[in-house]
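Chemist: Here it is: the structure, laid out below.
Here, each number is a calculation from the coordinates, and none is a lab measurement. Bear in mind the structure is a predicted one, so any value in this text is a computation, not a measurement. Using ideal geometry, Cβ is built from the backbone for each residue, glycine included, and neighbour counts are taken over all protein chains shown.
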Amino acid sequence: MTYTIVGRCPKTSRLGVGIATYSLAVGGYCPLVKAGVAAVSSQAFVNPKLRERALTLLGEGASPQSVLDDLAGMDPFFDYRQVGIVSADGQVACHSGGEIRPWRGHVLDEDLVSMGNGLEGAHVAEAMADGFRSTKDEELEERLLQALESGCAAGGQGPLIERSAGLITTRTDPSGMGVDLRVDAHDTAVQELRRAWEVYRPYVPYYDLRANQPDQTPPQEQWPPP
C-alpha cells in the first residue's frame, strides 16, 4: 500500500526518494540515501535491514541488480518485499515480489524507479514516472514531490488515504545537509509534505551555513534575509 519514486538528477548527481503510504511513519523505515552511493527504498512487508545491506554493497561497488540478487539469497521472504535502487551513476533496478498486494509493480527508466504495491493500477506508477521525467529543469525535491502528487492524482492507493509520506535527498556538496522531511501521521500526507517543503525550502542554505560556518550564521528568526 505504498507508492514511491526513487530518482537521480543527472546534472548534479543528487539522489532522493519520495514516498507515500497508508502505513504510519514511512520515512523512518523504508527509504535510505547516501551521497555518492545510491538511493534505496525497501517496502511492502518491509524489512529495514535490506536497505542497509543494499547501501553497504553498493558502497563497495556492486551493481543494483547484483544487490537484488544478494538480497534474494539472504532473505527467505524476499517474495514479500519490494526494493528499488538508483545508484550514483544512474543504474536502476527493482524487485516487486509476487506475494505483495496487487496492484504491484514498477517502471524503470533512466535515473528513476517508480514503484508501488496495493495501488489502484499500473497507471499510478506510470503517472509518477511521467511526473519525474517532465520536470527535468526543476530541483530534485520538486521533481520527487511532483511525481508523488502525480501518483496521488492518478488514484494512488484507491480508497486508502495516504497517512504518511517522506522526502529524502542528498546534496551535491558532501558538506551540505540533505533534506529529510517526514509526515508521520496525517490524513492528507502528500499535501502536508508539500506544505512542509514550501516552508523548509528557504532554510536549506541556512542549515548548511549553520553546520559549516556557525560564526557567520545569523539567528534563525532573521532568516531568510530581506
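Chemist: Can you tell me which residue among Glu149, Glu99, Glu139 is under 18 Å from Val17 (Cα atoms), in contact with a helix residue (DSSP H, G or I) (Cβ under 7 Å, 6 or more places away or on another chain) and acidic (Asp, Glu)?
Modeler: Values: Glu99 fails: under 18 Å from Val17 (Cα atoms); Glu139 fails: in contact with a helix residue (DSSP H, G or I) (Cβ under 7 Å, 6 or more places away or on another chain).
Going through Glu149, Glu99, Glu139 in turn, the sole match is Glu149.
Chemist: Okay, next question. Return the residues of the stretch 34-49 that are crowded, with 24+ Cβ neighbours inside 10 Å, under 23 Å from Gly90 (Cα atoms) and touching a Ser or Thr at 6+ places or on another chain (Cβ under 9 Å); say none if nothing qualifies.
Modeler: Ala38, Ala39, Ser41, Gln43
Chemist: Being touching a Phe, Trp or Tyr at 6+ places or on another chain (Cβ under 7 Å), within 23 Å of Cys9 (Cβ to Cβ) and surrounded by 12 or more Cβ atoms within 10 Å (Cβ to Cβ) is true for just one of Ala147, Ala211, Ala127. Which residue is that?
Modeler: Ala147
Chemist: Which fully enclosed helices (runs of 4 or more DSSP H) of the stretch 115-226 have 3 or more residues being under 30 Å from Met1 (Cα atoms) and aliphatic (A, V, I, L, M)?
Modeler: Numbers: elements: 122-133, 140-153, 189-200, 204-212.
So the answer is 122-133, 140-153, 189-200.
Chemist: Let me ask something additional. Before we move on, is Tyr29 over 23 Å from Asp173 (Cβ atoms), without any contact (Cβ under 8 Å) to a residue 24 or more places away in the chain and not small (Gly, Ala, Ser)?
Modeler: It is true that Tyr29 is over 23 Å from Asp173 (Cβ atoms), without any contact (Cβ under 8 Å) to a residue 24 or more places away in the chain and not small (Gly, Ala, Ser).
Chemist: Which residue pairs have Cβ atoms under 9 Å apart, sit 6 or more places apart or on different chains, and have a first residue in the stretch 213-226 that is of a type in the set (S, T, N, Q) and a second that is surrounded by 10 or more Cβ atoms within 10 Å (Cβ to Cβ) and assigned to a loop (DSSP other than H, G, I, E, B)?
Modeler: Thr217/Trp223
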